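Shown next, in structure tokens, is the structure this report addresses.
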Amino acid sequence: MLHGLRAGFKLRHHRPMQTMFDRIWDRHVVAELGDGWDLLWLDRILLHDLSGGRALRDVAERGLRVPHPARVFATADHAVSSAPGRTEGSFPRGGALVRSLREECARQGITMFDLGTGGQGIVHVIAPEQAIVLPGVVLACGDSHTCTNGGVGALAFGIGASELAQALATQCLPQKRPGTFRIRFEGARGPGVTAKDMILHAIHRFGADAGTGMAMEYAGEAVRALSLEQRLTLCNLSIEIGAKIGMVAPDEVTFAYLHGRPYAPKGRDWDAALADWRTLPSDPEARFTRDEVVAMRDVEPQCTWGTSPEHGAAVSGHAPRPEDARDSAQAAAWKAALDYMGLEPGQRLAGTKVDWVFIGSCTNSRIEDLREAAAMLQGRKVAPHVTAWVVPGSEAVKARAEAEGLHATFRDAGFEWREPGCALCVAANGEAVPPGARCVSTSNRNFVGRQGTGARTHLASPATAAASALAGAIADPRA
Amino acid sequence: MTPFRQVSGPAIPWLKPNTDTDVIIPIQDLLRPGREGLGERCFARLRYREDGSENPDFVCNQPPWRGAPILLAGENFGCGSSREGAVWALMGMGVRAVIAPSFGDIFLANCFQNGLLPVRLPMAAIRRLAAHGGGNASVTVDLERQLVIAPDGEAIPFATDPRRREALLDGLDEIALIQRHAAAIEAFRAQSEAERPWQ
């Protein structure tokens, strides 16, 4: 009780010189556990087909019930087929997971955005789309790209199966407070530069483990100028810089995006929420554990060349030469990556022949991503040797795109227009890029085997992916 | 959770940086329920050839390190996906402690949930441990004393978060621990819902 009252005291008082991250964290401390640990209240928990059903069964097997089912939302995304006209039976092993999730959600009274209901989609696409995630909330999900949701100014993080069961059973999680790492993107975006290029540039510059033990905040003129959907893309790759959490301060762009969405507060609640959300951003004098500046004049459209998201380069650039590595370990890692990717040291990226193009994933499958790609494709044709897929992030994105006629643009160009899900980002649904094939992908991970055994992944923006599909080779979207 | 106190045995030298959890366990192996058999699939893309036979060049298939309880790794081990199956697969293959300069945050949390001990040491120390090489050179990881003992007797201290260390030594149950705060949780919920009903 004492802890509850103390936390309540923090709820009412705005402490100056605080980061947004620390302010939201402090508002959610149920009890201090010592040694830097706090018991955190979770406003929202998200579930997906790959681990959701199992986690709910784990809770039930302990003889427990989910105490706050109205704070939990589920969908099917990882293991569902993206084939046109798909059903849950199209990929039978995934169908079993979807049915299990559906049954367990029904048993607990949890809302599920099921296949074909108009609301299904990639969990980190539908949470902002439905306004399930709001500024200032703490949200957890058994998926590492939960950090995406920080784009609305929430504190959102991924967890494993054990923590997910704990969260579902108690609506709380013991967590150790991470440090804070701010990256300010100063200056204006150059031609063809998207949020995807900004974050890939940052991962390349600071390294894939720079954010380990940190919560990221992205700020600066170029971030303020991003749409809400682009901010989600920016935060999505926080885990690829090593951080569980990535955030952008909420502002008028955020509020305009959320207003009127299904789970957004209404009427007087909206007014009160708005007043509260305006108090969230980091104070001007707030100190971060690490603070860096990226000058936007240094950020060009990006394309990764290797097997870690830190293996980045400008799409106009080259794969590296191992002799230029900082030490023998990096040289060995670069050599192994070049071998796997089938690239020569120093090879020019643009012009490298491509077999597949994938536009989709929780990184880049929202309506603006599809518009960006479609604008590039208008009246043009995908190179005949390229298999090109577009997988909208949700049923709502798909419906919106079809209302705008984007599906026709994609199909006329030679893209397959498919059904929402994670699809080729994670290859857990029976779909995969074939061994040895080279794929320009708008997803988030170029790991060995990620898109299929032996698949070679180049991460890029939707515009760069579309340009590459047309050229049949890695291509600069500015060309 | 399996308690952890001390483990001794050969230490697999796998010093590549950025070993992601997709490499540790392919997602396709996590579509079926349960943890049984995941040890066989640990590092499957490296451990087996296309025809399914063992790849003799992969270190975990080589005699001194087959089934070894300690893994020496490079920076950012366990980065990427949150899949806890990566921890279950490593433990299923016999690994009880991973020594690396840094770990992916979610993987690190998952290790402690299951009794797999992640030990942070500087890369130079890990290279020294790896240099002792094959044969029957045995490394000891002692959580009570927070020491790694090299085959030549060098004792290398390491730090573990005190809360995590206590949980590992005692094999504590986290849900039971959270439930001790039931009254505070309920008070927090009521107050939070009153102050921010939209949240």
**Fill in**
Of the residues in the stretch B:147-188 that are at the interface with another protein chain (Cβ under 7 Å from one of its Cβ atoms) and of a type outside the set (A, V, I, L, M, F, W, C), the one that is farthest from B:Ile70 (Cα to Cα) is B:His181
**Request:** Sort out for me the helices (runs of 4 or more DSSP H) sitting completely within the stretch A:305-423 that have 3 or more residues that are touching an Asp or Glu at 6+ places or on another chain (Cβ under 9 Å) and open to solvent by less than 10 Å² (accessible area, probe 1.4 Å).
**Result:** A:367-377
**Every pair of residues 6+ apart whose Cβ atoms lie under 9 Å, when the first sits in the stretch A:157-186 and is without any contact (Cβ under 8 Å) to a residue 24 or more places away in the chain while the second is of a type in the set (Gly, Ala, Ser) and assigned to a strand (DSSP E or B)** = A:Ile159/A:Ala140; A:Glu163/A:Ala140
**Prompt:** Counting only residues that are part of a loop (DSSP other than H, G, I, E, B) and in contact (Cβ under 8 Å) with a residue 24 or more places away in the chain, which one in the stretch B:104-131 is surrounded by the most Cβ atoms within 10 Å (Cβ to Cβ)?
**Reply:** B:Gly104
**Message:** For the stretch A:287-304: of the residues being part of a loop (DSSP other than H, G, I, E, B) and open to solvent by 10 Å² or more (accessible area, probe 1.4 Å), which is farthest from A:Met341 (Cα to Cα)?
**Reply:** A:Arg287
**Prompt:** Which residue pairs have Cβ atoms closer than 6 Å, lie 6 or more positions apart in sequence or on different chains, and pair a first residue in the stretch A:93-112 that is closer than 15 Å to A:Ala165 by Cβ with a second residue that is surrounded by fewer than 17 Cβ atoms within 10 Å (Cβ to Cβ) and polar (S, T, N, Q)?
**Reply:** none
**Prompt:** Quick one: is A:Asp77 within 17 Å of B:Leu31 (Cβ to Cβ) and touching a helix residue (DSSP H, G or I) at 6+ places or on another chain (Cβ under 9 Å)?
**Reply:** yes
**Request:** Hey, can you tell me all the residues within the stretch B:163-182 that are part of a helix (DSSP H, G or I) and open to solvent by 50 Å² or more (accessible area, probe 1.4 Å)?
**Result:** B:Arg165, B:Glu166, B:Asp170, B:Gln179, B:Ala182
**Asked** In the stretch B:47-64, which residues are touching a residue at least 12 places away in the same chain (Cβ under 8 Å) and either open to solvent by less than 50 Å² (accessible area, probe 1.4 Å) or touching a Leu at 6+ places or on another chain (Cβ under 7 Å) (or both)?
**Response** B:Arg47, B:Phe58, B:Val59, B:Cys60, B:Asn61, B:Pro64
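So which residues in the stretch B:102-126 are closer than 24 Å to A:Ser308 by Cβ and more than 9 Å from chain A (Cβ to nearest Cβ), if there are any at all?
B:Cys111, B:Leu116, B:Pro118, B:Val119, B:Arg120, B:Leu121, B:Pro122, B:Ala124, B:Ala125, B:Ile126
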**Request:** Determine whether A:Ala272 is without any contact (Cβ under 8 Å) to a residue 24 or more places away in the chain, under 30 Å from A:Leu155 (Cβ atoms), in a helix (DSSP H, G or I) and open to solvent by 30 Å² or more (accessible area, probe 1.4 Å).
**Result:** yes
**Extreme residue, most open to solvent (accessible area, probe 1.4 Å), among residues of the stretch B:65-81 that are without any contact (Cβ under 8 Å) to a residue 60 or more places away in the chain and part of a loop (DSSP other than H, G, I, E, B)** = B:Arg66
**Message:** Suppose we filter A:Leu115, A:Leu97 for residues that are modelled with pLDDT of 95 or more, open to solvent by 10 Å² or more (accessible area, probe 1.4 Å) and touching a Ser or Thr at 6+ places or on another chain (Cβ under 8 Å); which single one remains?
**Reply:** A:Leu115
**Message:** Test of understanding: among A:Val66, A:Val30, A:Val59, which residue is in a loop (DSSP other than H, G, I, E, B), open to solvent by less than 10 Å² (accessible area, probe 1.4 Å) and assigned by TED's automatic domain parsing to the domain that holds A:Leu155?
**Reply:** A:Val66
**Request:** Kindly indicate whether any position in the stretch B:50-57 is closer than 30 Å to A:Ala243 by Cβ and charged (D, E, K, R).
**Result:** no
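The values are calculated or read from the model by the stated rules, or taken from the named source; none is laboratory data. Bear in mind the structure is a predicted one, so any value in this text is a computation, not a measurement. Cβ: placed from backbone, ideal geometry, glycine included. Neighbour counts: every protein chain shown. For the accessible areas, the whole protein counts, side chains as well, though only heavy atoms, and no ligand, DNA or RNA atoms are used. Shrake-Rupley method; radii C 1.70, N 1.55, O 1.52, S 1.80 Å.
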